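First comes the structure, then the notes that go with it.
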């Protein structure tokens with residue numbers, strides 16, 4: 001069945017603040033669906049990584065080229081008939097508009113959690129360039145997706161597999177052709 005004909009997305013953008021589990025959930029979701037996984041962090045220029053590593057939040061001027069690089073990758077994968085799950089903070093609506101740019105075959109998955117829960121996770125995480133001190137900045141920047149963005153919003157309080165199944169269930173519920181995902185489809 002043609003994915004576009006049945007409304008299935010070609011790309012999922014798993015978004016949330018640092019420490020919400022974007023990379024873990026996106027990778028497991030891609031595995032569950034048989035799709036390609038990409039970590040949005042790999043699209044950051046070295047200057048952005050250095051800035052965040054030094055404890056400085058990015059400005060919008062820092063983010064635009066990074067977001068466009070991710071949007072270009074989504075377009076490339078979708079145009080080639082592929083499917084991709086991308087982990088990306090996408091904290092503001094304007095950022096998500098760059099990533100989705102009006103496509104109906106790209107969906108946002110919002111990982112929702114309290115600042116206390118996420119701060120605890122960040123305090124235990126080792127070897128990541130985003131220091132825990134930038135969490136306040138991330139929550140101040142966060143604009144949760146609005147209903148007109150057609151997001152899938154899931155709580156991050158469940159175990160990883162439970163969160164992934166919640167996402168798959170929500171995506172299937174939004175399909176016109178009913179349940180029963182095949183590999184490479186939802």
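Taking the range 100-120 as the range and being closer than 18 Å to residue 143 by Cα and assigned to a strand (DSSP E or B) as the test, the residues that pass are 107, 108, 109, 110, 111, 112. The listed residues are 94, 90, 71, and the only one of them that is touching a strand residue (DSSP E or B) at 6+ places or on another chain (Cβ under 6 Å) and closer than 19 Å to residue 151 by Cβ turns out to be 90.
Evaluate the following for residue 82: is it touching a strand residue (DSSP E or B) at 6+ places or on another chain (Cβ under 7 Å), surrounded by fewer than 19 Cβ atoms within 10 Å (Cβ to Cβ) and part of a loop (DSSP other than H, G, I, E, B)? The answer is yes for residue 82.
Within the range 25-79, the residues that satisfy the criterion of being modelled with pLDDT of 95 or more and part of a loop (DSSP other than H, G, I, E, B) are 34, 35. Pairs meeting the criteria (first residue in the range 109-135 and crowded, with 16+ Cβ neighbours inside 10 Å, second residue at pLDDT below 75 and part of a helix (DSSP H, G or I), beta carbons under 6 Å, at least 6 apart or on different chains) are 122/132.
Going by what's in this entry, would residue 84 be described as modelled with pLDDT of 95 or more and under 11 Å from the mean Cα position of the chain (by Cα)? Working first, answer last.
Numbers: modelled with pLDDT of 95 or more: yes; under 11 Å from the mean Cα position of the chain (by Cα): yes.
For residue 84, the condition - modelled with pLDDT of 95 or more and under 11 Å from the mean Cα position of the chain (by Cα) - is met.
For the range 46-69, the count of residues that are in contact (Cβ under 8 Å) with a residue 60 or more places away in the chain, within 17 Å of residue 135 (Cα to Cα) and buried (at least 18 other Cβ atoms within 10 Å of the Cβ) is at least one. Filtering the range 102-126 to residues that are out of contact with any strand residue (DSSP E or B) (no Cβ under 9 Å at 6 or more places or on another chain) and either farther than 18 Å from residue 40 by Cβ or modelled with pLDDT of 95 or more (or both) leaves 102, 104, 114, 115, 116, 117, 119, 120, 121, 123, 124, 126. Out of the range 4-24, which residues are touching a helix residue (DSSP H, G or I) at 6+ places or on another chain (Cβ under 6 Å), at pLDDT 95 or above and either part of a strand (DSSP E or B) or over 14 Å from residue 163 (Cβ atoms) (or both)? Passing the criteria: 10, 11, 13, 14.
The values are calculated or read from the model by the stated rules, or taken from the named source; none is laboratory data. This is a predicted model, so every value here is computed, not measured. FYI the Cβ positions are ideal-geometry reconstructions off the backbone, even for glycines, and counts take in every protein chain you see.
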